[in-house]
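The values are calculated or read from the model by the stated rules, or taken from the named source; none is laboratory data. Given the structure is predicted, the values throughout are model-derived calculations rather than measurements. Reconstructed Cβ throughout: ideal geometry from the backbone, glycine too, with neighbour counts over all protein chains shown.
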Amino acid sequence: MENTLIIGASGGIGAALAAEAAARGATVTTLSRKADGMDLTDEASIAHHLGRLEGPFELIFVATGALVIDGQGPEKSLRALNGPAMAAQFATNAIGPALVLKHALRLVPRDRRAVFAALSARVGSIGDNGLGGWHSYRAAKSALNMLIHGGAIELGRSHRQAIAVCLHPGTVATRFTAGFPEHDKVTPEVAAANLLDVVAGLTVDQSGGFLDFAGRPIEW
């Protein structure tokens, strides 16, 4: 039976991932700010909570992220940029998940297949950005993609069967997307099933990749 760790399990996608993984027979461990006080913007908090776990985990899924932080939503133009809001986006959407990977390395088995997955977003694709705007969120997700890509290279040297990827879940009907009614959305349950299907089909040669909810590569 696969051991699974879901980080961000109090969110819409995270909770659905935990439930779906359990329904598929996994033994699921969850961590979140709401239930456990784990703060992804504080490395000491990340180290403390991951340090309490024994593992190993065949799947570690970082299902965290934020679009609106402290009331600051996506910018519509460069004139709306401000440094503290940009820093908050990077802390939550890029630095936090990367520090999880750092402190979770000891929880990844070396003798068998294992997956580290982090939620990214298609808007983090530089090649796919034809509209502009949403500068801080886009840039933070682009940074996350690079951090996981680089981390995957290093991970592969010590954990030959390990896979690290960034996954785009599609537009999911959660509080995260409540302010964007114009987008077609899927339920968290559908998103979770799609994401775990992708995880189940990943191969080592896809490590470091940026994939959507159907397992299709997204351009950087």
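Does any residue in segment 25-42 that is more than 14 Å from A63 (Cα to Cα) come within less than 8 Å, Cβ to Cβ, of a residue that is in a loop (DSSP other than H, G, I, E, B) six or more places away or on a different chain, and which pairs are these? So the pair list comes out as G25/M1; G25/E2; A26/M1; A26/E2; T27/M1; T27/E2; A35/A9; A35/S10. Among residues of segment 72-94 that are without any contact (Cβ under 8 Å) to a residue 24 or more places away in the chain, those with a Cβ under 9 angstrom from a residue that is surrounded by 15 or more Cβ atoms within 10 Å (Cβ to Cβ) and acidic (D, E), sequence gap 6+ or separate chain, pair up as N82/E75. Within segment 93-113, the set of residues being closer than 17 Å to L50 by Cα and out of contact with any helix residue (DSSP H, G or I) (no Cβ under 9 Å at 6 or more places or on another chain) comprises just one member, P109. State whether the residues of segment 133-147 include one that is surrounded by fewer than 24 Cβ atoms within 10 Å (Cβ to Cβ) and not in a helix (DSSP H, G or I). There is at least one residue in segment 133-147 that is surrounded by fewer than 24 Cβ atoms within 10 Å (Cβ to Cβ) and not in a helix (DSSP H, G or I).
The set of residues in segment 101-123 that are more than 18 Å from F210 (Cα to Cα) and buried (at least 19 other Cβ atoms within 10 Å of the Cβ) comprises A104, L107, V108. In this structure, does A19 turn out to be within 20 Å of P188 (Cβ to Cβ), touching a residue at least 40 places away in the same chain (Cβ under 8 Å) and crowded, with 20+ Cβ neighbours inside 10 Å? When the stated conditions are applied, A19 does not pass them. Screening T171 with (1) exposed (fewer than 15 other Cβ atoms within 10 Å of the Cβ); (2) out of contact with any Gly (no Cβ under 8 Å at 6 or more places or on another chain); (3) more than 22 Å from D42 (Cβ to Cβ); (4) at pLDDT below 95 gives one miss only, at (1).
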